[in-house]
Amino acid sequence: MDLSLPEWVADWARDAPNLKVPPPGPKSKVIIDKDRKYVSHAYDRLFQFTMDRASGAAVMDADGNVYLDFSAGISVMNAGWSNPRVVNAIKAQAEKLVHSLANDAYYDNEADFAELLAEISPGGALETTFFGNSGAEGVEAAIKLSRYYTKGSEHIAFMGSYHGRIGNALAMASRIKYKYGHGPFAPGIYFAPYPYCFRCWFKQEYPSCNLLCVDYLEKAILEFGGPSNDVASVFVEPLQGEGGYIVPPKEFMPRLRKLCDDRKILLVADEVQSGLGRTGEIWECNSTGVIPDILITGKAAGGGIPMGAIVTKRQIMDVWRPGSHSSTFGGNGMSMAAGLAQVREILDNDLAGRSRVLGEHALKRLTELRDKYDIVGDVRGKGLMIGVEIVKSKKSNEPLYVPQIQGLAWRKGLMMITAGMFGNVFRIAPPLVISKEQLDKGIDIFEETIKETQAKMV
Ligand SMILES: Cc1ncc(COP(=O)(O)O)c(C=O)c1O
């Protein structure tokens, strides 16, 4: 497989990183000052620079500094920033029709996109789609539909899970950070332990544990933990994202499938972050052999335009009658054109395969770092969805919250973001078109920052 950058990537983006002035430069500072005066401070704003343009796996700020991107806009730009197929689709659509009136009329790209999602759905078994505007809206739609279909009103979510910041999706988030000050939340959501084997909730070892966490869900939570036998759905991320890029054991998803089948509960796979090539598969569900009842997609599915959707079986979707659910902008012209173009680009260029190959290479290199540095506790992931968990020492295994690693890396030109319940997991999640050379360059910078951080601790 050719692992160099695609031809369309701009010249300036090829030798990233390339810093001209220490960031934030003077032009960035002017914009940041105005922003801080007028824009809500709710966003984290991890990088103190302004986005000016982006191409392939590189971003340029207002001062001409070029950064290597290990976050892909939080797993959105899977086919690469400014991919011409996506850009041209957006331009052509904008000239023709921006708001396609999905609520009240039909539109070609929406039908085409739904057809494509049905074709590529896990096992080709999910035939129909409802389009919304964000991952969280996809989650809300799945909650509503699973209640409508089963007549149940309760849900199982997992510790460490993240499903968005609004309504019931927020109620299903397990971190206080996300929920603080925003209650009360919907009742009837029960949290089960996710198989976070590096920090097992039950202090067990895999595989001898036989997935005690799933036994606990089945025998403790469902039977004695408070639900009223009215559980509509289990919401699971097949590879947990914000919780720390956690890969569960291979038996986990099949065990959930069986548990749901036995109890007539719907299994909802939230692939907003893990889907569309990120983990080396089109859907992470595919690598588990499990077909969910409802699949949620978002992020990369919109090609950079806001988008979220649920894909499900005809018999489930069809309980909704016209007017049961709706959205002014769902399935709108821009997100359909951009999303369809990006998904086709991922499929036509086997970017999932590329993610797999590059991911194996990165995992090998990062595992060497784990063996070399005491503060690197765990390295895990699939494809280009890799987490590096930082600890105080291998002996203590205590989480080490070190946002300064992020700052150090950024000043060297590498954009990395964190995840994890303790904020101590660094994500290796670049656009899938990144070259092997760029990936290595980024890992080299990451290693420098780890080395410097560990030296300071000593
Ligand atoms: C697994 C998962 N579900 C849902 C969401 C929410 O998506 P959005 O921010 O588009 O609402 C996210 C966002 O990070 C996510 O990672």
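The values are calculated or read from the model by the stated rules, or taken from the named source; none is laboratory data. Quick caveat, the model's predicted, so the values are computed rather than measured. Methodologically, a virtual Cβ is constructed for each residue, glycine included, from the backbone with ideal geometry; neighbour enumeration extends over all protein chains shown.
From Ser75, Ser55, which residue is at pLDDT 95 or above and at positive phi?
Of the residues listed, the single one that is at pLDDT 95 or above and at positive phi is Ser75.
Condition test on Arg85, is it among the basic types (Lys, Arg) and more than 23 Å from Leu347 (Cβ to Cβ)?
In short, no.
Condition test on Leu439, is it farther than 26 Å from Glu271 by Cα and surrounded by fewer than 24 Cβ atoms within 10 Å (Cβ to Cβ)?
It is false that Leu439 is farther than 26 Å from Glu271 by Cα and surrounded by fewer than 24 Cβ atoms within 10 Å (Cβ to Cβ).
Quickly run through region 25-54 and pick out the residues that are among the hydrophobic types (A, V, I, L, M, F, W, C) and surrounded by 13 or more Cβ atoms within 10 Å (Cβ to Cβ).
Across region 25-54, the qualifying residues are Val30, Ile31, Ile32, Leu46, Phe47, Phe49, Met51, Ala54.
Could you say which residue among Tyr178, Tyr149 is part of a helix (DSSP H, G or I) and at pLDDT below 95?
Tyr178
Checking Ala186 against (1) closer than 21 Å to Pro238 by Cβ; (2) surrounded by 14 or more Cβ atoms within 10 Å (Cβ to Cβ); (3) of a type outside the set (Ser, Thr, Tyr): exactly one of these is not met. Which one?
Result: Ala186 passes all but (1).
Only one residue in Asn103, Asn78 is in contact with a Lys or Arg (Cβ under 7 Å, 6 or more places away or on another chain), closer than 24 Å to Gly164 by Cβ and not in a strand (DSSP E or B), so which one is that?
So the residue among Asn103, Asn78 that is in contact with a Lys or Arg (Cβ under 7 Å, 6 or more places away or on another chain), closer than 24 Å to Gly164 by Cβ and not in a strand (DSSP E or B) is Asn78.
Every residue, every condition in (1) without any contact (Cβ under 8 Å) to a residue 60 or more places away in the chain; (2) within 16 Å of the ligand (Cβ to nearest atom); (3) in the same structural domain as Leu408 (by TED's automatic domain parsing), yes or no:
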{"site": "Asn18", "(1), (2), (3)": "no, no, yes"}
{"site": "Ala57", "(1), (2), (3)": "no, no, yes"}
{"site": "Ala72", "(1), (2), (3)": "no, yes, yes"}
{"site": "Ala94", "(1), (2), (3)": "no, no, no"}
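Of a type outside the set (Lys, Arg) and assigned to a loop (DSSP other than H, G, I, E, B), is that true of Val272?
When the stated conditions are applied, Val272 passes them.
Out of region 319-331, which residues are in contact (Cβ under 8 Å) with a residue 60 or more places away in the chain and more than 15 Å from the ligand (Cβ to nearest atom)? Lay out the reasoning, then the answer.
So the first thing to find is which residues in region 319-331 are in contact (Cβ under 8 Å) with a residue 60 or more places away in the chain, and the list is 319-320, 324-331.
Within region 319-331, Val319, Trp320, Ser324, His325, Ser326, Thr328, Gly331 meet the criteria.
Can you find a residue that is within 16 Å of the ligand (Cβ to nearest atom) and acidic (Asp, Glu) anywhere in region 293-308?
no
Would you check which residues across region 135-154 are touching a residue at least 60 places away in the same chain (Cβ under 8 Å) and within 14 Å of the ligand (Cβ to nearest atom) and list them?
Listed by number, the residues that qualify are Gly135, Ala136, Glu137, Gly138, Val139, Ala141, Ala142, Ile143.
May I ask you to verify whether Gly167 is within 16 Å of the ligand (Cβ to nearest atom) and not hydrophobic (A, V, I, L, M, F, W, C)?
yes
Would you please list the contacts, defined by Cβ atoms under 7 Å and residues six or more apart or on different chains, that run from a residue in region 267-287 that is closer than 15 Å to Ile386 by Cβ to a residue that is crowded, with 24+ Cβ neighbours inside 10 Å and of a type in the set (Lys, Arg)?
Gln273/Lys299
Which one of these is in the same structural domain as Gly241 (by TED's automatic domain parsing) and touching an Asp or Glu at 6+ places or on another chain (Cβ under 6 Å): Gly188, Gly160?
Of Gly188, Gly160, the one residue that is in the same structural domain as Gly241 (by TED's automatic domain parsing) and touching an Asp or Glu at 6+ places or on another chain (Cβ under 6 Å) is Gly188.
For every residue, the table says whether it meets (1) closer than 27 Å to Leu400 by Cα; (2) surrounded by fewer than 24 Cβ atoms within 10 Å (Cβ to Cβ); (3) more than 16 Å from the ligand (Cβ to nearest atom).
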| site | (1), (2), (3) |
| --- | --- |
| Gly226 | no, yes, yes |
| Pro238 | yes, no, no |
| Ile246 | yes, no, no |
| Pro249 | yes, yes, yes |
| Leu259 | no, yes, yes |
| Asp262 | no, yes, yes |
| Val272 | no, no, no |
| Leu276 | no, no, no |
| Glu281 | no, no, no |
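Could you check region 126-174 and list, in sequence order, the residues that are surrounded by fewer than 21 Cβ atoms within 10 Å (Cβ to Cβ), of a type in the set (A, V, I, L, M) and out of contact with any strand residue (DSSP E or B) (no Cβ under 7 Å at 6 or more places or on another chain)?
Ile166, Leu170
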